[in-house]
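The values are calculated or read from the model by the stated rules, or taken from the named source; none is laboratory data. Here the structure is a predicted model, which means the values were calculated and not measured. Heads up, the Cβs are rebuilt from the backbone with ideal geometry, glycines too, and the neighbour counts pull from every protein chain shown. Remember, those area values only see protein heavy atoms, side chains included, never the ligands or the DNA or RNA. Shrake-Rupley method; radii C 1.70, N 1.55, O 1.52, S 1.80 Å.
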Amino acid sequence: MGTDSRDALEEPPRGRNETPAEKLDRNWYELLQEVRVMQTGIQILAGFLLTLPFQQKFAELDGLQITVYLVLVFVSASITALLLSAVNMHRVFFRRHIRLALVDNSDRIIRGAMLFAGLILIGTTWLIFDMVLGRTAATITAAVLVLLLVLMWVVLPLAIRRKYADHPGSDRPGGGDSGVEAAG
């Protein structure tokens, strides 16, 4: 009979038996998958933002709303530039045998893009709520979203990482992660 799924969840995962080069390759492919997911979401938000000036209600925006809108367009373009820079680095580093630099720097770039993605989510939500329900509702909604993002993107991952830092089943001897492993 097969292994019970509950046993699989309770049993710590075993470390991979891979060479450093294989690990870097895996980390790079995982980073690329993250870029693909982020890029799709940002494209949808950017597309939404780019259609706003062509809507009748856009003429009714006040100065703050227009400023927020323009900042959001800039941030969404910046996210796209950041994500594409990771791919561009791959082109520049191609066949140079510096995969570690590629993975480490792409990890940093994607972390920056995540910060910008949080800003675009908060700003876009604020703008929509401000246009539809008013500034108070927009501010409350944006504050709740900030709290949610901090909890889900910072507090929860750090708590889980701390819980499993010395877990015997982690990928690294002695648990924990550092350097490249932070990327995947």
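If the segment from VAL132 to ASP166 were pulled out straight at 0.36 nm per residue, it would be longer than the present Cα-Cα gap by 7.4 nm. Placing pseudo-labels 7 Å out from each Cα toward the beta carbon at ARG108 and THR139 gives an inter-label distance of 3.8 nm.
Across all C-alpha atoms in the range 38-127, the radius of gyration and Dmax reach 16.2, 55 Å.
In plain terms, the chain from PHE93 to GLU30 could stretch by 20.9 nm, reckoned as 0.36 nm per residue minus the Cα-Cα distance.
By how many nm would the segment from ASN17 to VAL155 grow when fully extended, if each residue of separation counts as 0.36 nm and the alpha-carbon distance is taken off?
On the way: separation 138, 0.36 × 138 = 49.68 nm, distance 3.05 nm.
Between ASN17 and VAL155, full extension yields 46.6 nm more.
Using a cutoff of 8 angstrom between alpha carbon atoms and counting only pairs six or more residues apart, the relative contact order for the range 1-157 works out to 22 percent.
The value of relative contact order for the range 107-152, using C-alpha pairs under 8 Å at least six residues apart, is 30 percent. With a 1.4 Å probe rolled over the protein heavy atoms of all chains, the accessible area of TRP28, TRP126 falls in the order TRP126, TRP28, largest first. Of the trypsin sites (Lys or Arg not before Pro) found in the range 70-169, those in coil by DSSP whose Cβ has at most 12 other Cβ atoms within 10 Å are ARG95, ARG96. When the charge dipole of the range 19-126 is built from unit charges on Cβ atoms (+1 for Lys and Arg, -1 for Asp and Glu) and taken about the Cα centre, the candidate among ALA21, MET89, PHE54 whose Cα reaches farthest toward its positive end is ALA21.
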